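Below: the structure, in structure tokens.
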2 protein chains.
Amino acid sequence: MHPLKDGFLPGPRLTLTGSQGALGDLSFATKDLFDVAGTPTGASNPDWGRTHPIPTEHAWMVQKLLDAGAALAGKTITCEISFGILGFNQFFGTPPNPAAPGCLPGGSSSGSASVVAAGLADFALGTDTGGSVRVPASLCGLYGIRPTHGRLPFVGVCKQAPSFDTAGWFARDAATFVRVSEVIFGEAPPDPNASGLLMAEDAFAVADPEVVEALMPVVEKLAALLGSAQLTTLGESGEIALWNDQRNIIQRSEAWAGIRDWIDRENPTFAFNVARNLAFGSAITPGQVEVARIARNRVVARARMLLEGGAILCIPTTPFTAPPLGLSLTETDALSGRIGVLTSFAGMAGLPQMNLPLCQAGGKPVGLSIIGWRGADMKLVAIAKALSLE
Amino acid sequence: MHPLKDGFLPGPRLTLTGSQGALGDLSFATKDLFDVAGTPTGASNPDWGRTHPIPTEHAWMVQKLLDAGAALAGKTITCEISFGILGFNQFFGTPPNPAAPGCLPGGSSSGSASVVAAGLADFALGTDTGGSVRVPASLCGLYGIRPTHGRLPFVGVCKQAPSFDTAGWFARDAATFVRVSEVIFGEAPPDPNASGLLMAEDAFAVADPEVVEALMPVVEKLAALLGSAQLTTLGESGEIALWNDQRNIIQRSEAWAGIRDWIDRENPTFAFNVARNLAFGSAITPGQVEVARIARNRVVARARMLLEGGAILCIPTTPFTAPPLGLSLTETDALSGRIGVLTSFAGMAGLPQMNLPLCQAGGKPVGLSIIGWRGADMKLVAIAKALSLE
């Protein structure tokens, strides 16, 4: 878990100039999971890059941004093959958290969040399978989105678990975030209204009291913007505590299915925590997956009931601010499990979720998340913009 | 699994001169699991050495040999932290098998077997927890012993699974093997007789037909030396096929108990197969261990009935000759499981077992093992010597 100077990949920086376009004044970085033509995609694992073909095309999202004039400022460290939610990497080092020195940046899109928070790029791309954009956005104090699952092409990006994989982005300010989102979604921001604001009590109950206290003024601003807030729960009688395990069963079984042939052929190198999670994935039975899918179906049904009518849901993005460096695996496992309880709702339901970096607790950032029904991505972006102008 | 030039650790060779003594004309190498004062013990894993204190004393066995005048010729590659039976190492490379070019050397004492077979040392030290001396001895065509469990001090050696861990040695010729064994056991070879030779049908049934065919002339010589051979079985109705799993349950649970604190603190790097086996070890329940211990008790009882009266048992050391390099994990897992069926009997019963490198199949070495009751180590050595003189 040795800390790095910044979140870019070590070695010569890969930069590309964009075309003329709407984002011509902006620079961006991209997680080491996105293809950039002519250079290996390394997934920040020592064996991935050298055992996969060098891409001949840019990832869809990279191409989209270059076409819009944005300049690529470099590729960034990720947790190994996108496994990890706290942001450490045993091989390439752990990107700094510029907003909370001495603390973890969150992951797996750790380097992308780090370089944006440090001002080394205007925005950056990440992937979010189990929380990998939302969590570093919260811990580094950035705007960040997990788009509606399946809405944008996930092309030229290392897969992890296809029924959860999404590609998202980070920015420091709402104005930049809106411009990038307009280009990627191809849609202007709508009016920042909603049929109501829902505040999920059981999600807030997962967070540290100081986090809840810090988030409440943001909730109040949101309520003022969207109409009065109404209390609700994501699940029944504490069932959200089970969602991290159920999501993990589906996610790890899909991840294992996608990676097993490579592992069988190469017997690659991993940090223990990554190999362990893959190994546990290899031992999941079809029966376990079926049971977890029932749980996921319940989440989808609940999400539809709460949000299909146009309401916006708010929850803490993470239950705590950035944890310190140097924790044991037992400690990081416990923290990761607690984070996963909060990221599982939108993850399992395939919903867009956006982190609003509008407050701090104990001097460190922590984010409020807004979640909408499928396709409401630009609605979330519009709300973020409206709040930022207050 | 890239192949190496020889089985020594890369970098400057660690050599030491011995005192005057009985082994003053011999050189030896030692597996990277044995302490040599003043130099890190690395266990051929990238993180082990730098996170453990540099030893201030030699391992008991290293000191014993230096005191007897043998000169240390270098430290040798092992399968990572002694996990592995085929001899590959993803970080430091796979030692060559001089007796079967292009093939695996067997492990985990891969480098020790390799350098002895190549003539780069007169003898070498290894450890044997699940077969790590016996298997490379068979595949590289060497004399090799797993001593009676608990007979010799296992001091200054990386532990794996204490109820199985032993330290043994390899030599190319019986005369050298006898001299080293006399020094280490402190006992002269007894008469090479026995109350009979037992041949375990169920163990021979695990081996390839060409291996059985190659071993039969050696069995006949043994029978001539010890009196006529009698057929027996190690287990009842095929139960030996279960022993690899049962041994693995005990071995991995002990290995996990010993290594978990280090892993928790360091989150170290491993090849996937090693991390996976440790992760599975972490998931073993106390109930599984209890059931496996019942199986082990049955093996001990059976071994006592067969061998306590002074008979010698013979089985194939490995079911096949050295497999080729470049196999997939699925393939190496299958081969390892099959080897483990044969190594589990002496392993679970804590008995001495010695490999006799007296034949080949398809141009590659394969060994016959002789097994005696607890304490019969020098009897096995004496029998090996007598057979070599025929």
Non-local amide H neighbours of B:MET199 (under 5 Å, H modeled in plane, Pro and chain starts lacking H): which ones? B:GLN230, B:LEU231, B:THR232, B:CYS314
Would you mind classifying the range A:27-185 by shape? Square roots of the alpha carbon gyration tensor eigenvalues, ordered a ≥ b ≥ c; an a/c under 1.5 is rounded, otherwise it is prolate if a/b is larger than b/c and oblate if not. rounded
Give me, ordered by chain and number, the residues 5 or more places off A:LYS75 or on other chains with an amide H under 5 Å from its own placed amide H. A:LEU9, A:LEU14, A:THR30
So which residue, out of B:LEU306, B:LEU33, B:LEU125, gets the largest mean-square fluctuation from a GNM of chain B using Cα contacts under 10 Å as springs? B:LEU306
Taking springs between alpha-carbon atoms closer than 10 angstrom, which of B:PHE272, B:PHE154, B:PHE34 fluctuates most in the Gaussian network model of chain B? B:PHE272
Placing one equal point scatterer on each C-alpha of the range B:233-390 and summing with Debye, one gets log10 I(q)/I(0) at q = 0.08, 0.09, 0.10, 0.12 Å⁻¹ equal to -0.30, -0.37, -0.46, -0.65
Tell me: how much accessible area in total is hidden between B and A, 1.4 Å probe, Å², nearest 100? 1800
Kirkwood hydrodynamic radius over Cα pairs of the range B:267-321, then Stokes diffusion coefficient at 37 °C and 0.692 mPa s, in µm²/s: 221
I want the antiparallel fraction of DSSP beta bridges within the range B:27-185, as a percent rounded to 5. 60
Of all the Cα-Cα pairs you can form in chain A, what percent are over 37 Å apart? 13
Fully extended, how many nm does the chain gain between A:ASN297 and A:ALA257 (0.36 nm per residue separation, minus their Cα-Cα distance)? 12.3 nm
What's the FRET efficiency of B:GLN230 with B:LYS5 using the Cβ-Cβ distance as r and R₀ = 41 Å, to the nearest 0.05? 0.30
Once the convex hull of the alpha carbons of the range A:97-173 is built, what does its volume come to per residue, in cubic angstrom? 82
Placing +1 at every Lys and Arg Cβ and -1 at every Asp and Glu Cβ, with all other atoms neutral, what dipole size does the range B:197-388 have around its Cα centre, in debye to the nearest 20? 460
Only Lys, Arg (+1) and Asp, Glu (-1) charged, at Cβ; the range A:66-224 dipole about Cα centre in debye: 460
All other residues with a Cβ under 13 Å from the Cβ of A:ALA283 taken together, and with Lys, Arg as +1 and Asp, Glu as -1, what is their net charge? +4
Fraction of antiparallel bridges per DSSP, chain A only, in percent to nearest 5: 65
Round to a whole angstrom and tell me the spacing of the C-alpha centers of the range B:123-149 and the range B:1-34. 16
For A:HIS149, enumerate residues with amide H under 5 Å from its amide H, sequence gap 5+ or separate chain, H modeled in the peptide plane. A:LEU351
Highest-fluctuation residue, B:ALA334, B:ALA59, B:ALA311 considered, GNM on chain B with Cα pairs under 10 Å: B:ALA334
Taking only the alpha-carbon atoms of the range B:30-95, the convex hull volume per residue, in cubic angstrom, is 90
Need one number: the % of Cα-Cα pairs in the range B:68-137 sitting beyond the 20 Å mark. 20
Rounded to two decimals, what is the ratio between the C-alpha radius of gyration of the range B:173-284 and 2.2 N^0.38 Å? 1.57
Solvent exposure of the range B:1-58 as accessible area per residue, Å², 1.4 Å probe: 51
Starting from 0.36 nm per residue, how many nanometres of slack lie between A:ARG304 and A:GLU187 once their C-alpha separation is accounted for? 39.8 nm
If I take R0 = 45 Å and measure r between the Cβ atoms of A:HIS52 and B:LEU389 in this structure, what FRET efficiency does the formula 1/(1 + (r/R0)^6) give, to the nearest 0.05? 0.20
Hey, how many Å between the Cα centroid of the range A:210-278 and the Cα centroid of the range A:38-107? 20
Compactness index (Cα Rg / 2.2 N^0.38 Å), the range A:1-62: 1.26
More than 52 angstrom separation, counting every C-alpha pair in the protein assembly as shown; what % is that? 26
Just to verify a number: FRET efficiency for A:VAL289 and B:ALA223, C-beta to C-beta distance, R0 = 60 Å, to 0.05? 0.60
So what J values fall out for the range A:23-28 if you push phi through Karplus, 6.51 cos²θ - 1.76 cosθ + 1.60 with θ = phi - 60°, rounded to Hz, Gly and Pro as x? 10, x, 9, 10, 10, 9
Counting only DSSP beta bridges with both residues in the protein assembly as shown, what percent are antiparallel, rounded to the nearest 5? 65
Give me the dipole magnitude in Debye, nearest 20, for chain A about the Cα centre, with unit charges on the beta carbon: positive for Lys and Arg, negative for Asp and Glu. 320
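The values are calculated or read from the model by the stated rules, or taken from the named source; none is laboratory data. What you see is a predicted model, and the numbers here were worked out from it, not measured in a lab. So basically every Cβ, Gly included, is an ideal-geometry build from the backbone, and we count neighbours across all protein chains shown. Accessible surface is based on the protein model in full, side chains and every heavy atom, while ligands, DNA and RNA are left aside. Shrake-Rupley method; radii C 1.70, N 1.55, O 1.52, S 1.80 Å.
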